[in-house]
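Worksheet for the structure shown next.
The values are calculated or read from the model by the stated rules, or taken from the named source; none is laboratory data. Quantities reported herein were computed from a predicted structural model and do not represent experimental measurements. When we count neighbours, we look across all protein chains shown, and the Cβ atoms used for this are built from the backbone with ideal geometry, even at glycine.
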Amino acid sequence: MPTRPDSSHSAGLDHLHAARGRAICGNIRRAAAGLAATAAVLLSLAVMPAQAVEPDSPWEEVLEEAKGQTLYFHAWGGSEPINDYIAWVGEELESRYEITLEHVPVADISEVVGQLEAAGAVGRDEDGSVDLMWVNGENFAALKRSKLLFGAFADNLPNAALLQDDESLRMDFSVPVEGLESPWGGAQLVFIHDAETLPEPPKSAAALLEFVRDGGRFDYPAPPAFHGTTLLKQLLHELAADTQPLSAPVEEADFEAVTAPLWSYLDELNPLLRGKGKVWPQSGEATRQLLDDGEVDIALSFNPNEASSAVARGLLPDTVRTYVFDGGTIGNTHYVTIPRNASARAAAMVAANFLISPEAQARKADPAFWGDPTVLDVSALDDADKALFDKIDPGVWALPIGSGSMLPEPHASWTEALEKAWQKRYGS
């Protein structure tokens with residue numbers, strides 16, 4: 001007869017079986033929960049809208065897709081007023097369109113271009129980290145040449161109808177825009193001086209050289225710093241025997257022959273500068289600081305209203321004035337564009353459209369906020385929008401309207417060629 005198990009042993013077995021049962025049930029519940037979570041994720045991915053927007057999509061579809069997107073805007077971060085303005089843009093995009101704007105400050109946008117070129121080389125055409133970027137001519141040319149841009153989105157922006165009908169908005173550094181970038185603001189090389197200490201500043205390349213020969217204090221940033229490179233273009237435009245080659249790709253020109261007068265000029269100018277051609281200001285903003293500190297007599301800017309903004313912020317005395325050379329100075333339009341692999345293309349289009357709205361352009365043009373000239377045809381705006389611009393007072397410190405003509409930028413390919421040649425001759 002089999003031995004009857006004692007009660008303690010039976011209880012232990014019962015406890016063990018119960019524990020195993022509970023464990024099995026727990027595993028089943030966890031597996032079920034995991035499957036449910038996975039199903040939920042898959043369902044969310046299934047209903048999540050894909051990037052269906054195209055450069056010419058109906059605007060209502062663009063607005064709908066943009067809702068909830070986070071927009072990474074890569075833009076120069078070296079100016080407090082500009083950074084503050086971009087922060088204001090972010091607030092407006094959030095409240096109006098449910099878009100979160102993240103400003104990614106950069107020192108040189110060419111670094112971002114390099115990242116996009118690297119991504120393009122390995123075929124990364126989606127999920128990029130750059131949605132909108134602030135570009136100038138040579139960077140736009142590089143992106144266009146490598147086919148790294150989203151497409152002709154700019155022509156689809158509703159506010160594009162408000163833009164000036166001007167050739168400068170169709171050509172960027174002699175490269176056709178073709179809707180691949182949207183205008184943001186105007187710019188022109190200007191000089192800032194203290195009218196109290198320098199009532200008659202030099203107004204040509206020849207006069208500038210004579211000025212420093214006579215002990216005048218001047219300096220410029222070393223290329224490839226933007227303001228330094230722009231000054232090279234300005235001087236070359238004045239000194240070259242023939243400026244026609246500047247509008248064509250540099251490889252089509254006799255570079256040494258065209259630029260020979262420039263290097264002869266700089267050979268004499270550079271040793272007479274504040275830094276003796278050995279130490280250079282880091283930026284145009286640095287020359288403004290040198291002017292305020294009394295170390296130079298003339299500062300450089302690419303914003304005709306910068307002096308007004310600087311006076312308002314206590315960064316320059318109210319005796320400063322702005323001028324250009326008698327023959328005009330280099331000017332251009334700056335733009336925003338969308339990379340081909342942008343992750344938030346719809347939000348980027350909405351942001352680009354807002355940037356050229358009368359409200360955003362008027363605030364940007366006001367020296368109290370930035371002072372960057374508008375790209376809108378103000379005369380064609382309705383009365384309410386005109387009023388936004390009419391109340392802007394740039395003051396006596398800004399470049400007087402109509403005081404100087406604007407010279408065209410050379411073809412984009414001249415930028416790098418000039419910078420390399422300058423570095424070879426004068427760089428450390």
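A few points about this structure:
- Number of residues in the stretch 174-191 that are surrounded by fewer than 21 Cβ atoms within 10 Å (Cβ to Cβ), in a loop (DSSP other than H, G, I, E, B) and of a type outside the set (Asp, Glu) equals 2.
- Out of Lys420, Lys386, sole residue that is farther than 27 Å from Leu180 by Cα, assigned to a helix (DSSP H, G or I) and in the same structural domain as Leu291 (by TED's automatic domain parsing): Lys420
- Qualifying positions in the stretch 141-167 - assigned to a loop (DSSP other than H, G, I, E, B) and over 30 Å from Phe389 (Cα atoms): Ser146, Lys147, Leu148, Phe150, Gly151
- Residue count for the stretch 241-261 under the criterion of being buried (at least 19 other Cβ atoms within 10 Å of the Cβ), free of Cβ contacts under 8 Å to residues at least 60 places away in the same chain and closer than 23 Å to Pro221 by Cα: the result is 1.
- For the stretch 203-229, residues that are out of contact with any Pro (no Cβ under 9 Å at 6 or more places or on another chain) and crowded, with 22+ Cβ neighbours inside 10 Å total 1.
- The set of residues from the stretch 95-132 being over 17 Å from Ser343 (Cβ atoms), at pLDDT 95 or above and more than 20 Å from the chain's Cα centre (by Cα) comprises Ser95, Arg96.
- With respect to the conditions (1) without any contact (Cβ under 8 Å) to a residue 40 or more places away in the chain; (2) closer than 30 Å to Ser264 by Cβ; (3) not charged (D, E, K, R), Phe389 falls short on a single one, namely (2).
- Residues being more than 11 Å from the chain's Cα centre (by Cα) and farther than 19 Å from Gly128 by Cβ - total across the stretch 67-77: 1
To keep it simple, each residue is scored yes or no on (1) more than 18 Å from Gly78 (Cα to Cα); (2) outside the structural domain of Ala368 (by TED's automatic domain parsing); (3) in contact with a Leu (Cβ under 9 Å, 6 or more places away or on another chain).
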| site | (1), (2), (3) |
| --- | --- |
| Asp293 | yes, yes, no |
| Asn305 | no, yes, yes |
| Ser309 | no, yes, yes |
| Ala344 | yes, no, yes |
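- Members of the stretch 298-332 that are touching a strand residue (DSSP E or B) at 6+ places or on another chain (Cβ under 8 Å) and farther than 15 Å from Val190 by Cβ: Pro317, Thr319
- Subset of the stretch 321-332 (residues that are surrounded by 22 or more Cβ atoms within 10 Å (Cβ to Cβ) and either modelled with pLDDT of 95 or more or over 18 Å from the mean Cα position of the chain (by Cα) (or both)): Thr322, Val324, Phe325, Thr329, Ile330
- Selected residue (criterion: nearest to Glu167 (Cα to Cα)) from residues of the stretch 333-372 that are basic (Lys, Arg) and buried (at least 20 other Cβ atoms within 10 Å of the Cβ): Lys364
- Here Phe325, Phe369 are screened, and the one residue that is of a type in the set (A, V, I, L, M, F, W, C), part of a loop (DSSP other than H, G, I, E, B) and over 23 Å from Arg96 (Cβ atoms) is Phe325.
- If the condition is being charged (D, E, K, R) and more than 24 Å from Ser308 (Cα to Cα), then the stretch 184-216 contributes Glu210, Arg213, Asp214.
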